[in-house]
Amino acid sequence: MPIDFENITDHTGVRIYNFDAAKNVDEDDLNEIKKLMQKKHFICFKNQKLDEDSLINFCRNFGNLESYPEKNKTKKNIQIFNVANISADGEHLNENDPRVVLQKNNSRWHTDSSYRFYPALYSLLFGKETLPKEASGGQTQFSNMLLAYKSLPEDIKEKLKPLHQVHSYNDIRRLEPSLPELTIDEKRNFPPVTHPLIRVHPDRAMEKSLFFTSNTSLEIGGMSFKEGKELHSWLVNFISNEEFYLTHEWELNDLIMWDNRVLLHRVLPYDYSKYRRAMIRGTIEGTKPVYGPFSQIN
Ligand SMILES: [Fe+2]
């Protein structure tokens, strides 16, 4: 049966009802999913039945999975990232627990793994426990950076062209000082990297998009610290625009998948002590650095 989808917004996202990600995927379906990702950057597969192993199996259709530096993130697989305010054993964690502090940091705009030299391609997030309907917050919100780039004034596009941002896993501690220090190995594995502010998309005829994050640093490089902070704030304000948004209202057993090369995302804050929110994420490893306007691609 062909995959049946509905568009979520004109620019971003489709919803699919008649698909089981826990089964082996045939080639036609896989091609269809890849085409939809290329075109709409986000898919929500409704009513899935997944655990860590079956999520990993589904993810492998799209490439290798990243593994994660922090210990105790998950139950058994190092490739699964617990996006949760509960522990891998199901305990509702205190608001000051580092695992919850990391969740709070995710309410800043970001793409997954921007601190890696090859940042993540796709993320696949499965909602195991979602907030009740009456709760406020907890949505995952996306902003489309192809659209944001197109909407930039020409003089700003020129200004941004040569600029980079430093992305550092360790520097999350500048934003969230209560996080424990990384081990020497973790620091060695993830040294700071820089990525261009304007990136080009290899699957979309090198179409340009904006690329920056707010969860690892709050300034742009190549200028004074003060100017770098001001430019960063200007960019946050610019992309925080409903015209670029897709806001995912979670329902239990949704599996969402997005292209980190196009969409920034954040979780909308919720009452972390009152509600449980638990998702597991598989992340498809990037295979290329972030190409910018001056990259030698061929
Ligand atoms: Fe994220």
Exercise. Does Trp250 meet the test of being away from the ligand (no atom under 16 Å from the Cβ) and more than 13 Å from the chain's Cα centre (by Cα)?
Worked result: no
Exercise. From the list Ile33, Ile3, Ile16, Ile43, which residue is farther than 13 Å from Met257 by Cα and of a type outside the set (Phe, Trp, Tyr)?
Worked result: Ile3
Exercise. Does Phe244 satisfy the criteria of being surrounded by 18 or more Cβ atoms within 10 Å (Cβ to Cβ), more than 16 Å from the ligand (Cβ to nearest atom) and among the aromatic types (Phe, Trp, Tyr)?
Worked result: yes
For this session: Go through the residues of the stretch 19-42 one by one and say whether even a single one is part of a loop (DSSP other than H, G, I, E, B), under 29 Å from Met145 (Cβ atoms) and either of a type in the set (A, V, I, L, M) or modelled with pLDDT under 95 (or both).
Result: yes
For this session: For residues that are within 16 Å of the ligand (Cβ to nearest atom) and of a type in the set (Lys, Arg), scanning just the stretch 253-298, find the one that is nearest to Phe126 (Cα to Cα).
Result: Arg281
For this session: Give the residue that is nearest to the ligand (Cβ to nearest atom), with candidates limited to residues of the stretch 201-220 that are farther than 17 Å from Ser107 by Cα and among the small types (Gly, Ala, Ser).
Result: Ser209
Problem set entry | Members of the stretch 114-135 found to be surrounded by fewer than 23 Cβ atoms within 10 Å (Cβ to Cβ), of a type in the set (Gly, Ala, Ser) and within 16 Å of the ligand (Cβ to nearest atom), listed by number | Ala120
Exercise. From the residues in the stretch 86-127 that are within 24 Å of Leu50 (Cβ to Cβ) and acidic (Asp, Glu), which one is modelled with the highest pLDDT?
Worked result: Asp112
For this session: Scan Lys46, Lys40 and give me the residue that is basic (Lys, Arg) and surrounded by fewer than 17 Cβ atoms within 10 Å (Cβ to Cβ).
Result: Lys46
Seminar exercise, completed: Of the residues in the stretch 187-206, those that are more than 18 Å from the chain's Cα centre (by Cα), in contact (Cβ under 8 Å) with a residue 40 or more places away in the chain and surrounded by 15 or more Cβ atoms within 10 Å (Cβ to Cβ) number 1
Problem set entry | Members of the stretch 269-298 found to be polar (S, T, N, Q) and either touching a His at 6+ places or on another chain (Cβ under 9 Å) or modelled with pLDDT of 95 or more (or both), listed by number | Ser273, Thr283
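The values are calculated or read from the model by the stated rules, or taken from the named source; none is laboratory data. The shown structure was predicted, so the numbers you read here are calculated from the model rather than taken from an experiment. Because the Cβ atoms are built from the backbone with ideal geometry, glycine has one as well, and the counts that use them run over all protein chains shown.
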